[in-house]
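First up is the structure itself, then whatever we jot down about it.
Every number here is computed from the coordinates shown, using simple stated rules; none is lab data. Please read these numbers as outputs of a predicted model, since none were measured by experiment. All Cβ positions, even for glycine, are placed from backbone atoms using ideal geometry, and neighbour counts span all protein chains on display.
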Amino acid sequence: MGSTNQTNLPALATNPKAIFFTDFDGTITLQDTNDYMTDNLGFGYPQRRSNMDDVLDGKRTFADAFKEMLDSVKTPFDECLRVLKDNIKLDPAFKEFFDWCRANNVPVVVLSGGMQPVIRTLLAHLVGDEAVKHMQIVSSDVAPSPGHTDINEEGGWTIAYHDESEHGHDKSLEIRPYAALKERPVMFYAGDGVSDLSAAKETDLLFARAGRDLVIYCEREKVPFTVFHSFSDIHKIVQSVVEGKQTVQEAATGRN
Ligand SMILES: [Mg+2]
């Protein structure tokens, strides 16, 4: 890939010993924000399930089924943000972990197929506005829907995908340039779902949320991982690897 400069790889700017990549929905949050909106403000769970079954059966792409799900939500976008802020719980241990990362020069990079303003709003709620400004968030965005100019009116918004991949966001694209460097920081990844698997394969240690699909995929695909129940589990391991007390190989204990 030739020489890669730091402008392309913002997480290298401070010459860190480690980088922490993480999914957002179901990983930092305890519920999925897009599912929540669809089930409570849009066409509801049975139709969402049927859309996702079509994806599993190979009848349509995830990007297409997911967009239709969100387009069923006609609630103005600012109102959606309010509803999510009131109802979605974040992993309470994320804040302490994030504060530790900032104090110890471990960049946290959020990789999400969800919408940027949702992620920033919920994170700001947990870790504060100022801290969120320093966080790199690579995700999809929100845009006015066809025929509208204001996302805060009824039916006024739609998802604007990050890229053209069938998932709407290929997370491994973001990580691969770092993974290709000859000398590079230790790379961690935390996730909970199938869209995290391609990204996880590029990193040194994967944390998979206990009881979620990613655990099964990792076992099936023989990707080394360790489960986490909350960000305090992640905190302990990342800290001990960064401090040289254990290796990533030792930390990859699977379900144990
Ligand atoms: Mg997720």
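Listed values, structure above:
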| item | result |
| --- | --- |
| Helix-only CD estimate at 222 nm, as mean residue ellipticity for the chain, using -39500 (n - 2.57) per DSSP H run (n ≥ 4) | -12000 deg cm²/dmol |
| Acute angle (nearest 10 degrees) that the helix 94-103 long axis makes with the longest principal axis of the chain, alpha-carbon atoms | 50 degrees |
| Normalised per residue, the volume of the convex hull around the Cα set of segment 143-255 (Å³) | 157 Å³ |
| Highest-fluctuation residue, Asp192, Asp25, Asp213 considered, GNM on the chain with Cα pairs under 10 Å | Asp213 |
| At R0 = 22 Å, FRET efficiency that the Cβ-Cβ distance of Asp86 and Ser50 yields, to 0.05 | 0.20 |
| Given Lys89/Lys201; Lys17/Lys95; Lys74/Lys171; Lys89/Lys236; Lys67/Lys182, the pairs whose alpha carbons are separated by over 30 Å | Lys67/Lys182 |
| Crossing angle, helix 231-242 versus the chain [Cα axis fit, 0-90 degrees, rounded to tens] | 30 degrees |
| Tensor-based shape of the chain (alpha-carbon gyration tensor, a/c under 1.5 rounded, otherwise prolate or oblate) | prolate |
| Rounded if a/c under 1.5, otherwise prolate or oblate - segment 10-151, Cα gyration tensor axes | prolate |
| Extension gain from Ala180 to Ala93, taking 0.36 nm per residue of separation minus the Cα-Cα distance | 28.2 nm |
| Label-to-label distance, nm, for residues given as Thr253 and Asp78 (7 Å Cα→Cβ offset) | 4.9 nm |
| Protection-proxy order for peptides 78-86, 147-155, each taking the mean of Cβ atoms within 10 Å per residue, highest first | 78-86, 147-155 |
| Zone residues, segment 71-90, relative to Phe43, backbone N less than 11 Å from point 7 Å out along Cα-to-Cβ | 71-73 |
| Angle in degrees between helix 77-87 and the longest Cα principal axis of the chain, rounded to the nearest 10 | 60 degrees |
| Residues Asp71 and Arg220, FRET efficiency given R0 of 30 Å [Cβ-Cβ distance, rounded to 0.05] | 0.40 |
| FRET efficiency, Glu243 to Ala13 (Cβ-Cβ, R0 25 Å, nearest 0.05) | 0.65 |
| Segment Glu153-Asp57, extension gain: residue separation times 0.36 nm, minus the distance between their alpha carbons | 31.1 nm |
